[in-house]
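What follows is a set of notes on a single structure, which appears directly below.
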Amino acid sequence: MRKTHPVRRAVLAGAATVSAIVLLLSLKPASDPGSAAAAGGAAPPVAAQSPQGGRGAGAGTVVGDVARTQYGPVQVRITVADGKITKAEAVQAPRGGRSGQITADAVPELNQAAVT
């Protein structure tokens with residue numbers, strides 16, 4: 001297969017997207033919530049789940065913890081129905097300067113990839 005074959009590019013793009021989402025969702029705050037509260041800052045919100053539509057254990061909305069990255073805070077909300085992700089959205093994402101430009105381009109693509 002040629003290096004520029006469309007199927008190969010699609011597979012590589014899909015793998016890169018999945019890897020980026022996994023890394024984004026696995027980010028943890030740099031400090032523990034206890035030290036943030038002691039320093040006068042607010043503790044990051046705890047992941048919350050709220051059922052939607054009453055479809056049982058496979059339905060609801062999950063809001064992840066705020067992850068502090070070198071580019072700014074990141075927080076994700078995922079909506080699940082029938083055990084499948086139906087909606088993904090960034091509650092918080094890096095803003096300002098180059099980070100804002102990258103966020104504006106990347107977040108919609110990452111949201112769609114998570115749903116797909």
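Could you look through the stretch 60-90, keep only residues that are open to solvent by less than 60 Å² (accessible area, probe 1.4 Å) and polar (S, T, N, Q), and pick out the one that is nearest to the chain's Cα centre (by Cα)? Top of the filtered list is Gln75. Taken over the stretch 91-110, the criterion of being outside any loop (DSSP other than H, G, I, E, B) and open to solvent by 40 Å² or more (accessible area, probe 1.4 Å) is satisfied by Val91, Gln92, Gly97, Arg98, Gln101, Ile102, Ala104, Asp105, Pro108, Glu109, Leu110. The residue of the stretch 1-44 that is modelled with the lowest pLDDT, among those that are part of a helix (DSSP H, G or I) and of a type in the set (Ser, Thr, Tyr), is Ser35.
The values are calculated or read from the model by the stated rules, or taken from the named source; none is laboratory data. This is a predicted model, so every value here is computed, not measured. Only protein heavy atoms, including side chains, enter the accessible area calculation; ligands, DNA and RNA are left aside. Shrake-Rupley method; radii C 1.70, N 1.55, O 1.52, S 1.80 Å.
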